[in-house]
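Presented below is the structure to which this report refers.
The values are calculated or read from the model by the stated rules, or taken from the named source; none is laboratory data. This is a predicted model, so every value here is computed, not measured. Cβ coordinates were reconstructed from backbone atoms using ideal geometry, including for glycine residues, and neighbour counts include every protein chain displayed. Areas reflect the complete protein model, heavy atoms only, side chains present, ligands, DNA and RNA absent. Shrake-Rupley method; radii C 1.70, N 1.55, O 1.52, S 1.80 Å.
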Amino acid sequence: MVIKIIRDFFKRIFTEIFEKKKDIVLGFYGPPNAGKTSLANRICKDWTGEELGTVSRIPHETRKVQFKEKVDIKYKENSLVFKLIDTPGIATKIDYEDFLKFKIKKRDAKQRAKEATQGVIEAIKWLDDVDAVVVVLDSTQNPYSQVNITIIGNLVARKIPVLIVANKIDMKKSDLKRCEAAFPEYDVVGLSAKYGTNMEEFYESLFRLTKKVKKRK
Amino acid sequence: MAKTKLILSFIPYADIAKLDSQKRIKKILDIILKGRIVILQGRLNPVEEASLIQSTMALVGRVKDFRGVELAVINPSEKEAFFEKIKTNLARVLIGQRDALTVIGPASVVKEIKRDPSKVELMFKK
């Protein structure tokens, strides 16, 4: 009996130490063209010197889940290692004709749409494998879209900690207050991934978010 | 001038209450694939909504002229802080909310569903 208690005690201590050393799997979710890859690139460039993926003004540029392992982020005296998961934008509809506006050939547009649909399916599957999520929204768009509601609803249902980023605050149409009003329960950080504006506040919020991850484990 | 028919199909909550998630989604998508707009009494839970999106994406490109869906949930008791409700009343969300209405239509018929805290606007394609 005593041996069992001692064994369980050491097992628990060892497990806790081991788990703390595990990289935090951080997913980037949101609608298409909100700037998920731009933000992931910004973080990767800040801490690894390399980018994660290509960005484009054409929606659904990211059509496969992209990873960056061992991203060591430092904030004040703390340091955490992340595995970044950049996911394709989640949409309820994908029309190849929307890509034709960007002067893409019909055949390529159809292929892009096909890959984008697979990307959405893959992105949703990955919800089971992330420790925390940064939901990236375009602050120039209406935040009350059903896709945003569905993403956040799923994260709540799965008890995954969420940080909301209102991206593109450098743009004239940006409305950060509207994003904050839509998500009063959540930490909403306004930033510009393109220009790196307000990244300091983002990292501060990210480290706050990781405390909730540890509680989950 | 040619007239186009717009058919709305109402699904009472009782019709889906006893169905499992897969059957609920199938029932909704079967109607949508006929080019109709579904008005569902209640709402799917968030995980079902994600499954609906996955099933929809699997059909895009496989079913002729199907480009996906437009989806919106209207909850009369929700105003600007409807996310609060999701968090604080999760159990209720998970089993479905009868007082909500879910509007789901084929993207080729419904151009856009604009939603703000107090209203929902459906814009149809001509």
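Matching residues to (1) assigned to a loop (DSSP other than H, G, I, E, B); (2) more than 9 Å from chain B (Cβ to nearest Cβ):
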| residue | (1), (2) |
| --- | --- |
| A:Asn148 | no, yes |
| A:Val165 | no, yes |
| A:Asp170 | yes, yes |
| A:Ser174 | yes, yes |
| A:Glu180 | no, yes |
| A:Glu185 | yes, no |
| A:Tyr195 | yes, yes |
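The condition (being touching a Phe, Trp or Tyr at 6+ places or on another chain (Cβ under 8 Å) and surrounded by fewer than 16 Cβ atoms within 10 Å (Cβ to Cβ)) is satisfied by just one residue among A:Lys177, A:Lys106, A:Lys173: A:Lys106. State yes or no: is B:Glu48 within 14 Å of chain A (Cβ to nearest Cβ), out of contact with any His (no Cβ under 8 Å at 6 or more places or on another chain), of a type outside the set (Gly, Ala, Ser) and not in a helix (DSSP H, G or I)? For B:Glu48, the condition - within 14 Å of chain A (Cβ to nearest Cβ), out of contact with any His (no Cβ under 8 Å at 6 or more places or on another chain), of a type outside the set (Gly, Ala, Ser) and not in a helix (DSSP H, G or I) - is not met. Would you say A:Glu97 is within 12 Å of another protein chain (Cβ to nearest Cβ), assigned to a helix (DSSP H, G or I), more than 24 Å from the chain's Cα centre (by Cα) and surrounded by fewer than 21 Cβ atoms within 10 Å (Cβ to Cβ)? For A:Glu97, the condition - within 12 Å of another protein chain (Cβ to nearest Cβ), assigned to a helix (DSSP H, G or I), more than 24 Å from the chain's Cα centre (by Cα) and surrounded by fewer than 21 Cβ atoms within 10 Å (Cβ to Cβ) - is met. Kindly establish whether A:Glu50 is touching a helix residue (DSSP H, G or I) at 6+ places or on another chain (Cβ under 8 Å), part of a helix (DSSP H, G or I) and open to solvent by 30 Å² or more (accessible area, probe 1.4 Å). In short, no. Looking at (1) part of a loop (DSSP other than H, G, I, E, B); (2) open to solvent by 30 Å² or more (accessible area, probe 1.4 Å); (3) more than 12 Å from chain B (Cβ to nearest Cβ), which one does A:Thr140 not meet, given that it meets all the others? Checking A:Thr140 against (1) part of a loop (DSSP other than H, G, I, E, B); (2) open to solvent by 30 Å² or more (accessible area, probe 1.4 Å); (3) more than 12 Å from chain B (Cβ to nearest Cβ), the one that fails is (2). Would you check if A:Ala91 is under 17 Å from the mean Cα position of the chain (by Cα), within 12 Å of another protein chain (Cβ to nearest Cβ) and under 23 Å from A:Ile58 (Cα atoms)? Here the answer is yes, as A:Ala91 does meet what is asked. From the list A:Ile152, A:Ile121, the one residue that fits, being in a helix (DSSP H, G or I), buried (at least 23 other Cβ atoms within 10 Å of the Cβ) and facing chain B (nearest Cβ under 8 Å), is A:Ile152.
In this structure, is B:Thr102 at pLDDT 60 or above, touching a strand residue (DSSP E or B) at 6+ places or on another chain (Cβ under 6 Å), surrounded by 14 or more Cβ atoms within 10 Å (Cβ to Cβ) and part of a helix (DSSP H, G or I)? The answer is no for B:Thr102.
Would you please name the residue that is farthest from the other protein chains (Cβ to nearest Cβ), looking only at residues in region A:78-88 that are under 18 Å from the mean Cα position of the chain (by Cα) and open to solvent by 10 Å² or more (accessible area, probe 1.4 Å)? Filtering first and then ranking leaves A:Val81.
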